[in-house]
Amino acid sequence: MHPNVVFQPHAQQRLQAGIHQIVAPIRVTLGPLARHVINEETFRTRNAEIIDNGGIIARRILQLPDRDADMGAMLVRHMVTRLYKEYGDCTATAAVLFQTIFDEGLRVITAGIDAMSLRQHLLAGAEQIDRLLADMVAPAAGKDQLSRVAESLCHDAELAQMLGEIFDVIGEYGRLDIRRASGRALVREYVDGAYWEDGLHSPVFLSGGGGKPAELMRPALLLTDLMIQEAEQLESTLYAVRARGAQSLVIVAQQVSDRVIAVLHGNALKFPMIAVKTPGGLLNRQTALEDLAALTGGRLFLQAAGDDLSRVTAADLGMAQRFRASLDYMLVVGGASRPADFRHYVAQLRTYMARAAHPSARDICRERIGRLMGGSVTLRVGAFSDTETRLRQELAERTATSLRAVVRSGVLPGGGVALLACQEELRQQHDTVEERAAVNILRRALETPLLTIADNSGYDSSTVLARLRSYPQGYGFDAHSGRYVPMLKAGIVDVADAYRAAVRMAITSAAQALTISALVHCKNPEQVLDPA
Amino acid sequence: MMDTHLYGLTAYYHENQLRAFVARSDGLYTACDDLAQWTKATYTPPAAGLPEAVTAICSVAQGSEMHIFAATQGGILRSSNHGQDWFFAALTAPPPVVSCLLPSPAFVDEGLLLVGTLEDGICRSEDYGRSWSPSGFGLLDRHVLVLAFAGQEDIVYAGTETGVFVSHNAGRSWRETHFPMEAAPVLSLAALPSGELLAGTERSGLYASSDQGQTWLRQSETAFTEAINQLLYVRGRLYALHGDQLWSAQDTQSDWLPQTQTNQSITTAAALLDQRLLLGFDDGRSVILPLSD
């Protein structure tokens, strides 16, 4: 099939059309009094889906009928999806900024400005705006402040109060598990100890007739990814446990045969012993074992290192104050490693996290650090109906993601105020024609989030903006009350790193899009979708 | 008194009479009449087979009532009638060894107390000591030796085997400070009204921080050569229990000078209202020392 090529001016006009089509439903979700979008049906449930998040809306718009316009939509979809994945927030802000910059940029390019030169100056402007925003970042700490921030994100006072309290305790790193509750309950449970999601090898180790998790006091831990097929493999371990003076034994191993399980269970009355699975799954097994070793002060016995269990000594065993395990999880309380070694280990993980290039690598590190911090929280979220419960749970998860980012990176004044504050600085640019055009485009774009929020809330946006100019810096428009308030003090904030990323991505993506001068379609879409 | 180790003591005036309680390796003792006679406190042991050592003690006033808390056998004893009756509340399992016990400045309104343990981190009570729960999120070193509240009720410091941790939410969670690990363990802390924090170590002398533990400066480098078991701030003056001597300084900028020399290591002290200090020694003795201006 010959490629189908679309040239100027049709190319950019169709891109613009696609951008408008995808941004239109996203735009209405910006602000505290935003609208919702309903999706016809989902693959999973075959029910209509109510959406209030720009990232999810963009993902649901799979393909526009007009192939040329669809390419414009793809540009926005890619940007918004990436933002949603990494930050979970500020997707609508990025979308409206992108649209304004593209529209204004297209206008000046049509008037004769060179697109590549414009792009360079837009990128320079993006860097300047990012620096200005960085200077405005304020830290957010304390239960009350975090609750206010949470409420500005989720608009659910009860949930916000709970999440504020939780993040005041667990901070950036701690593990938070959000589940559904029965009824309208909102309940949180703090658990002391390091938690892994892998548990007992066999239900015979459960206590109380099979119902309750096994709980051992002052256990020794044997840490290995080896397979234990015969009881004789544990001979030196048992001597080592006795030499160590431990009161019980936990065997962490990848596989334990039924014969060995029977031996362990059969001796439980004389000396409690249980076997749990090596945590972490296929990909993270080694790091999970390393964390366990660092926490308990034990030595690892690894297949890859050619280790075997024939010469286990007392010093090789880890120790803990308490160990609890069910079929699904294990909890280590009071690992007995040398405190200085343990602190160094956690410091190394923090360094590794700071240097990790990929967000998923940072997330894994954060999870490991949170686990080693020694506690976790389970939050159960309920509502009046199943649909409401699901929505409330999703809202809690998104708010939790944002709050974690708030604790990590701080906050900016919300309601579009932070970007408005950048306008004055941009005015001071002395420029060529292209530079002046870029500055004007950015100054125009910096007003868009505030105008959109006012529009979505039913106010006359130009009047709101005009009145706001007479207030001191830091004041913004509270759409709920219709008043002009100091935004930070009122708790109307945006998550700093998500907001900065959204602004950066919007400007750089739009600047890039303005340099597109041809569209190439390589295949007929019907042939792509039809396997025949 | 018998030759046993003295872990802590507390004293207060009730109806113009001095009452004192000491935590010792052989139990809890109480005295009145200016410490003329000590008697062993009686209470029902919470469990058989656990040592009867009382490892920490404190007292705090709530209106006209005086609450006394003592740590023993994996839990906390509390009394509200000057030691006549005691009630026991368990901490975590397995029973931890308590190293320090501290009521919050907001104890009267909020009933908040903290307990540090030798291997099990920190426990917290929000109901005047009736029940306790672990509160060690972020506490990477669970070997806690001393606790100290700053002037604000939400900021509390923990001295541990490897350094100093700080909590900004009254002990619900903890963060590391930048105390140099090589100078640890930290045996004593004092948070001053000026916002400064002093940390006394086992072998590395005295350190001070004026930014909630972000930076530390060593104080009087040649003066402190032995363990600084306790730091006190009494009537605008600083005191340090340094080996067998009591040292004092006007403030953190002044020189530290020895005030009193004794024959035994001074392990603990409690300030009295009338310009006197109650000192406890390693061999179980206690003595009242007048403080000079």
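Some observations on this one:
- Inside segment A:100-111, residues that are surrounded by fewer than 24 Cβ atoms within 10 Å (Cβ to Cβ) and touching a helix residue (DSSP H, G or I) at 6+ places or on another chain (Cβ under 8 Å) make up a count of 6.
- Qualifying residue in segment B:9-20 (condition: in contact with a Gly (Cβ under 6 Å, 6 or more places away or on another chain) and surrounded by 11 or more Cβ atoms within 10 Å (Cβ to Cβ)): yes
- Matching residues, segment B:117-160, being β-branched (Val, Ile, Thr) and surrounded by fewer than 24 Cβ atoms within 10 Å (Cβ to Cβ): B:ILE155
- Condition check for B:CYS100: within 14 Å of another protein chain (Cβ to nearest Cβ) and surrounded by 22 or more Cβ atoms within 10 Å (Cβ to Cβ): no
- In segment A:390-414, the residues that are of a type in the set (Ser, Thr, Tyr) form Cβ pairs under 6 Å with partners that are assigned to a helix (DSSP H, G or I), at six or more places apart or across chains, as follows: A:THR399/A:ALA150; A:THR399/A:LEU153; A:THR399/A:CYS154; A:THR399/A:LEU163; A:SER402/A:LEU153; A:SER409/A:ALA496; A:SER409/A:ASP497.
- Residues that are within 14 Å of another protein chain (Cβ to nearest Cβ), in contact with a Gly (Cβ under 8 Å, 6 or more places away or on another chain) and assigned to a loop (DSSP other than H, G, I, E, B) within segment A:127-165 comprise A:PRO139, A:ALA140, listed in sequence order.
- For B:THR117, the conditions (1) more than 15 Å from the chain's Cα centre (by Cα); (2) within 14 Å of chain A (Cβ to nearest Cβ); (3) polar (S, T, N, Q) all hold with the exception of (1).
- Every residue from segment B:54-72 that is surrounded by fewer than 19 Cβ atoms within 10 Å (Cβ to Cβ) and in contact (Cβ under 8 Å) with a residue 24 or more places away in the chain: B:ALA61, B:GLN62, B:GLY63
Conditions (1) buried (at least 16 other Cβ atoms within 10 Å of the Cβ); (2) among the aliphatic types (A, V, I, L, M), marked per residue:
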residue: A:ILE274; (1), (2): yes, yes
residue: A:THR278; (1), (2): yes, no
residue: A:GLY306; (1), (2): no, no
residue: A:PHE323; (1), (2): yes, no
residue: A:TYR329; (1), (2): yes, no
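- Among the candidates B:PHE137, B:PHE179, residue that is within 14 Å of chain A (Cβ to nearest Cβ) and in contact with a Phe, Trp or Tyr (Cβ under 6 Å, 6 or more places away or on another chain): B:PHE179
- Where strands (runs of 3 or more DSSP E) fall wholly inside segment B:59-105, the ranges with 1 or more residues that are farther than 21 Å from B:LYS40 by Cβ and touching a strand residue (DSSP E or B) at 6+ places or on another chain (Cβ under 7 Å) are B:87-90, B:98-103.
- Residue-level check: of (1) over 27 Å from B:ASP120 (Cβ atoms); (2) surrounded by 21 or more Cβ atoms within 10 Å (Cβ to Cβ); (3) in contact with a His (Cβ under 9 Å, 6 or more places away or on another chain), A:GLN255 misses just (2).
- Selection from segment B:213-236 of residues that are at pLDDT 90 or above and closer than 19 Å to B:ALA270 by Cα: B:ALA227, B:ILE228, B:ASN229, B:GLN230, B:LEU231, B:LEU232, B:TYR233
- Residues of segment B:10-30 satisfying the condition of being closer than 14 Å to B:ARG276 by Cα and of a type in the set (A, V, I, L, M): B:ALA11, B:LEU18, B:ALA20
- Matching residues, segment A:437-463, being of a type outside the set (Gly, Ala, Ser), surrounded by 23 or more Cβ atoms within 10 Å (Cβ to Cβ) and farther than 23 Å from A:ASP89 by Cβ: A:ILE441
- Flag for B:HIS5 being surrounded by 14 or more Cβ atoms within 10 Å (Cβ to Cβ), touching a residue at least 12 places away in the same chain (Cβ under 8 Å) and in contact with a strand residue (DSSP E or B) (Cβ under 6 Å, 6 or more places away or on another chain): no
- Per-region count, segment A:404-420, residues within 10 Å of the chain's Cα centre (by Cα) and under 22 Å from A:ALA479 (Cβ atoms): 0
- Sole residue being β-branched (Val, Ile, Thr), under 20 Å from the mean Cα position of the chain (by Cα), within 14 Å of chain A (Cβ to nearest Cβ) and closer than 24 Å to B:LEU91 by Cβ, chosen from B:VAL146, B:VAL186: B:VAL186
- Filtering segment B:184-218 to residues that are over 24 Å from B:LEU279 (Cα atoms) and buried (at least 20 other Cβ atoms within 10 Å of the Cβ) leaves B:ALA184, B:SER209, B:GLY213, B:TRP216.
Results for (1) farther than 17 Å from A:TYR190 by Cα; (2) touching a residue at least 24 places away in the same chain (Cβ under 8 Å); (3) not hydroxyl-bearing (Ser, Thr, Tyr), shown as yes or no for each residue.
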site	(1), (2), (3)
A:LEU349	yes, no, yes
A:TYR352	yes, no, no
A:GLU367	no, yes, yes
A:MET373	no, yes, yes
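The values are calculated or read from the model by the stated rules, or taken from the named source; none is laboratory data. Just so you know, these numbers come straight off a predicted model, no measurement behind them. Ideal geometry is used to build each Cβ from the backbone, glycine not excepted, and the neighbour counts take in all protein chains shown.
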